[in-house]
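See below for the structure under consideration.
Just so you know, all these numbers are worked out from the coordinates, no wet-lab data involved. This is a predicted model, so every value here is computed, not measured. Backbone-built Cβ (ideal geometry, glycine too); neighbour counts: all protein chains shown.
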Amino acid sequence: MRTYHNNSNDKKRRIDRKKLTYSLLLAFSVIAVAVIITLSLTLGRPAPAIETPAPPPDPIVDVDVPPVEDPKPAFVMPMENFTVGKPASLDRLVYSSSMKYWKTHNGIDFLAEAGTTVFAVSAGTVTAVQNTVLEAMVITIDHGNGLFSYYKGLNETVAVNVGDAVEAGAAIGTVAANMPLERDEGPHLHLEMKQDGKFVDPADYLPAFAEK
Ligand SMILES: [Zn+2]
């Protein structure tokens with residue numbers, strides 16, 4: 001007996017099986033590729049860094065803090081050209097030939113021709129302009145922080161008024177022909193300075209003296 005296969009049916013079945021195999025293979029391939037990609041992504045990735053606590057934030061620096069002001073303001077000489085006459089002698093009496101007695105000399109004498117321009121030695125505010133008998137015209141400048149400068153032996157015509165703000169080196173007046181209290185020295189600026197009400201030697205502040 002001979003069995004007749006339906007050839008076309010057989011063929012169809014074979015094709016179906018083939019299709020199924022291909023489908024399965026394809027499915028496996030897709031899964032395999034997916035697994036490989038996943039694994040490679042997982043394994044290839046560097047191990048997660050051990051969580052280290054964040055460093056403490058930098059101490060807060062307030063950049064808006066203004067720079068610390070120089071406790072000693074800038075000073076300039078009170079004249080362009082001068083000869084130093086009597087230096088300050090705050091603790092020791094010196095003889096005054098003009099007054100014929102011994103006294104302290106509370107400032108520095110800057111000898112110059114009458115009419116020589118006198119400058120403020122540092123920035124400040126004019127607090128007094130006085131016409132005196134013995135010291136001629138006197139200008140007082142407050143430099144702040146308890147420091148004052150006094151310009152004695154000036155001509156009556158001055159360049160500043162009480163309340164004026166002046167810069168270091170501002171022209172404030174001119175040397176008078178005569179300062180009765182120290183007339184024997186001829187025309188000169190007698191410059192005094194006080195810190196907290198006490199006389200101080202201008203030589204400790206003025207640049208020409210500090211350089212020496
Ligand atoms: Zn003097």
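For this structure, a couple of remarks:
- Oblate is the label for the stretch 83-210. Its Cα gyration tensor axes, ordered a ≥ b ≥ c, give a/c of at least 1.5 and b/c at or above a/b.
- Where a label projected 7 Å from the Cα of ASN178 along Cα→Cβ would reach, residues of the stretch 108-131 with amide N under 18 Å: 112-116, 131
- Dipole moment magnitude, nearest 20 debye, the stretch 132-212 about Cα centre, only Lys, Arg, Asp, Glu C-beta charged: 40 debye
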